[in-house]
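The values are calculated or read from the model by the stated rules, or taken from the named source; none is laboratory data. The model shown is predicted, which means the values in this text are computed figures rather than measured ones. Cβ: placed from backbone, ideal geometry, glycine included. Neighbour counts: every protein chain shown. The accessibility values were calculated without ligands, DNA or RNA, using every heavy atom of the protein model including side chains. Shrake-Rupley method; radii C 1.70, N 1.55, O 1.52, S 1.80 Å.
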Amino acid sequence: DGMLLAVGHLDRERRETYDLIVKAADKGSPQRENITTIRVRLTDVNDNTPEFSSSSYVSSILLKDAKEGKLLLTLSATDKDAGNNSLITYSFSAGSSPYLALNSETGAVTLTSDLADVKEDTTLHLTAMAKDHGRPPLNSTARVVVNLRVASLEEGVAFQSSSYNFSLRENQAVGVTVGKVWASAGSNLYDVAYSLKTHTDLFSVDATGAIQTKAQLDKEEQEWYILDVEAVDTRIPPTSAVAMVRVQVVDVNEPPQFSSEVYKASIFNIAPYKTPVTTVKATDPDVGDEAQLTYIMSAGSPYFDVDPSSGLVYVVSVTSLGGNMATLKVDATDPRGLRTTTSVEVDVKKGASSSDVVAISLNQHANVVEKKVPELERSLGAALGWTVNIIEVSSGGATESRSLRADVRTLVSFFAVDGGQVISSEDVTKKLQSQSAAVAAELVKVFGEGIHFDVQVKPEGSASNDAAIIALSVLLALSIVGLIVSTVLIVRFKTKKNHQDSDRENFDIDRYAEGYTNWPQKTNSEPSDQGQTKSGEDKTAQCNRKDDNDVKVKTNGGSVRVKDDKNDDSNDSHTSSL
């Protein structure tokens with residue numbers, strides 16, 4: 001019914017968007033279908049707690065350097081959620097001091113005064129809390145230690161800054177210097193040694209305080225690294241200090257990469273429009289919008305096309321390509337224009353026609369059947385003893401089987417090949433019917449118990465009926481033309497005859513003229529035994545032979561009966577029309 005349901009666990013932090021391919025098909029004959037894409041974007045829920053960059057924050061300051069508003073350290077926490085769920089507010093949840101102030105938005109810890117009333121070394125211990133703005137809110141804590149020193153730095157080692165921020169472009173060579181820290185022992189009498197306490201597999205620090213990489217870093221794997229660098233002097237007993245170093249890996253736009261340099265597929269030249277050929281898939285190492293890829297044919301093709309968002313290569317029309325190998329070039333391009341190309345080799349087989357296609361209907365959903373097309377081809381092939389090629393799976397279809405009267409029906413169109421020769425649809429249909437038990441047993445292996453199938457039999461004589469319709473149409477057209485021609489000829493003939501009659505009247509051609517007959521002219525008012533003219537009757541006239549072989553008679557149209565006076569037989573007469 002078109003309802004899209006989520007049937008698996010979805011985590012926005014792992015994957016935010018899904019691109020789906022949806023096919024819509026009607027139940028008409030022939031069936032019509034179309035393909036579209038749906039992009040599903042997951043909304044965030046507050047399921048991640050804020051994470052501090054370090055479990056503890058330590059800072060030291062000399063009283064003589066203290067002044068109101070001086071920055072001692074900055075708390076930093078991140079939340080993997082999005083929107084308000086990722087907004088963080090900082091506060092002190094345990095411990096307090098009149099000397100310290102915490103900015104709830106930035107996490108900056110500053111002095112509230114110049115510490116003039118502090119007369120001795122003082123260590124402040126507090127607990128900082130980072131809370132997000134989700135419903136309900138989540139939080140985490142970190143330890144904060146601030147040393148207020150009366151004496152000078154000569155009494156212990158200290159870093160020039162309590163925290164450092166560095167950045168590095170991703171995929172740099174191993175051994176690149178990220179940044180440099182510096183600590184002083186307060187006297188030239190003592191040396192300072194540096195050591196790294198965290199991420200020792202990826203970073204190192206040398207004797208000068210320079211931090212270097214030990215491996216290539218990829219932003220797509222991790223963007224931020226928090227390092228704790230310790231400085232220890234050579235006093236006895238030695239003193240130490242720890243500085244926090246933030247390293248950000250900066251993104252570099254990288255080109256997409258196809259999972260294969262060459263994709264290979266095969267189809268038959270009777271494959272209809274939108275028949276899937278193969279799906280090319282590229283991945284982009286980048287994140288965010290840069291990872292949105294678009295697929296396009298490098299050179300336009302009248303035979304194939306590709307869906308720009310899913311990479312599905314489908315048929316446009318391959319009827320003329322039977323027996324040929326088609327090589328396609330498909331590009332995957334990211335939003336910044338970086339692209340990569342792959343090849344698709346399609347073997348277009350010939351030898352099959354639409355008349356060789358056989359359809360069966362299954363009481364299964366179309367999406368279930370589509371996922372099992374390879375297994376279905378093997379099972380049908382095992383039952384029939386031929387190689388089966390499925391060319392289309394569609395919803396609906398008429399059936400005469402009582403076992404398939406459920407609403408769920410899927411049509412599977414295929415043809416069979418044996419030793420390179422295509423088997424006629426009639427032979428395939430007969431074998432499906434004769435081997436129905438074997439076919440059903442094989443289908444159970446694919447779909448389980450309860451599977452039923454029905455052979456969609458083509459109406460007999462459909463081709464001859466088409467030919468008969470065409471022939472009748474031609475005959476009807478010829479009959480119409482003949483009727484028109486006959487009508488024209490009749491009209492012309494009558495017109496000509498009327499003209500002739502008019503001429504005969506104008507020139508008095510029908511008058512009884514002397515020399516044509518040897519009897520006196522009679523009018524309608526004079527009775528005569530030899531000839532009378534009545535309305536609605538033939539004109540009858542008596543005539544004599546001009547000679548033994550010739551009798552001339554003149555009349556004003558109609559039928560003439562000629563009687564021989566020399567013969568007493570009154571039946572010896574002839575009638576003709578002039």
Quiz item: Quick one: is ASP228 of a type outside the set (Val, Ile, Thr) and part of a loop (DSSP other than H, G, I, E, B)?
Solution: no
Exercise. Residue by residue through the range 115-134, note down the ones that are among the charged types (D, E, K, R), open to solvent by 10 Å² or more (accessible area, probe 1.4 Å) and assigned to a strand (DSSP E or B).
Key: LYS131
Practice problem: List every residue pair whose Cβ atoms lie under 8 Å apart, where the two residues are 6 or more positions apart in sequence or sit on different chains, the first residue falls within the range 195-218 and is closer than 22 Å to ASP233 by Cα and in contact (Cβ under 8 Å) with a residue 40 or more places away in the chain, and the second residue, located anywhere, is in a loop (DSSP other than H, G, I, E, B) and open to solvent by less than 40 Å² (accessible area, probe 1.4 Å). | Solution: ILE211/VAL181
Quiz prompt | Residue match in the range 18-26 (condition: more than 23 Å from TYR164 (Cα to Cα), at pLDDT 90 or above and assigned to a loop (DSSP other than H, G, I, E, B)) | solution = yes
Quiz item: (1) open to solvent by 30 Å² or more (accessible area, probe 1.4 Å); (2) farther than 11 Å from ALA231 by Cα; (3) of a type in the set (Val, Ile, Thr): which one isn't true of THR213, the others all being true?
Solution: (1)
Quiz item: Which strands (runs of 3 or more DSSP E) does the range 329-401 wholly contain that include 2 or more residues that are surrounded by fewer than 20 Cβ atoms within 10 Å (Cβ to Cβ) and either of a type in the set (Gly, Ala, Ser) or out of contact with any Pro (no Cβ under 7 Å at 6 or more places or on another chain) (or both)?
Solution: 339-349, 387-395
Quiz item: Considering only the range 299-328, how many residues are more than 15 Å from LYS264 (Cα to Cα) and over 13 Å from the mean Cα position of the chain (by Cα)?
Solution: 13
Exercise. Please specify each residue of the range 392-413 satisfying the condition of being farther than 20 Å from VAL315 by Cα and modelled with pLDDT of 85 or more.
Key: ARG409, THR410
Self-check item: Inter-residue pairs, beta-carbon under 6 Å, first among the aromatic types (Phe, Trp, Tyr) and in the range 167-183, second assigned to a loop (DSSP other than H, G, I, E, B), 6+ apart
Solution: TRP182/GLN160; TRP182/GLY209
Quiz item: Pairs under 9 Å by beta carbon, first residue at positive phi in the range 310-326, partner in a loop (DSSP other than H, G, I, E, B), six or more apart or different chains?
Solution: GLY311/VAL280; GLY311/LYS281; GLY311/LEU293; GLY323/ASN269; GLY323/LYS350; GLY323/GLY351
Exercise. Hey, could you check the range 155-172 for residues that are surrounded by fewer than 17 Cβ atoms within 10 Å (Cβ to Cβ) and at pLDDT below 90 and say which is nearest to the chain's Cα centre (by Cα)?
Key: ASN171
Practice problem: Out of the residues in the range 257-273 that are assigned to a strand (DSSP E or B) and open to solvent by 50 Å² or more (accessible area, probe 1.4 Å), state the one that is farthest from ALA326 (Cα to Cα). | Solution: GLN257
Quiz item: Within the range 24-62, how many residues are touching a residue at least 40 places away in the same chain (Cβ under 8 Å) and within 21 Å of the chain's Cα centre (by Cα)?
Solution: 9
Quiz prompt | Selection count where residues are among the β-branched types (Val, Ile, Thr) and modelled with pLDDT under 90, scope the range 358-372 | solution = 0
Quiz item: Of all the residues that make up the range 135-154, how many are more than 11 Å from SER60 (Cβ to Cβ), modelled with pLDDT under 85 and open to solvent by 60 Å² or more (accessible area, probe 1.4 Å)?
Solution: 2
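Residues checked against (1) exposed (fewer than 13 other Cβ atoms within 10 Å of the Cβ); (2) modelled with pLDDT under 90; (3) assigned to a loop (DSSP other than H, G, I, E, B):
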position	(1), (2), (3)
PRO30	yes, no, yes
ILE35	no, no, no
VAL45	no, yes, yes
ASN48	no, yes, yes
SER54	no, yes, yes
ILE61	no, yes, no
Quiz item: In the list VAL485, VAL446, which residue meets the criterion of being of a type outside the set (Phe, Trp, Tyr), over 30 Å from VAL369 (Cα atoms) and modelled with pLDDT of 75 or more?
Solution: VAL485
Quiz item: In the range 192-201, is there at least one residue being farther than 29 Å from VAL109 by Cα, open to solvent by 30 Å² or more (accessible area, probe 1.4 Å), of a type outside the set (D, E, K, R) and assigned to a loop (DSSP other than H, G, I, E, B)?
Solution: no
Exercise. Please work out which residue is nearest to VAL280 (Cα to Cα), limiting yourself to the range 313-328 and to residues that are assigned to a strand (DSSP E or B) and open to solvent by 20 Å² or more (accessible area, probe 1.4 Å).
Key: TYR314
Quiz prompt | the range 3-21 - residue that is under 16 Å from LYS80 (Cβ atoms) and acidic (Asp, Glu) and, of those, surrounded by the fewest Cβ atoms within 10 Å (Cβ to Cβ) | solution = ASP11
Quiz item: Quick one: is GLY179 outside any strand (DSSP E or B) and not hydroxyl-bearing (Ser, Thr, Tyr)?
Solution: no
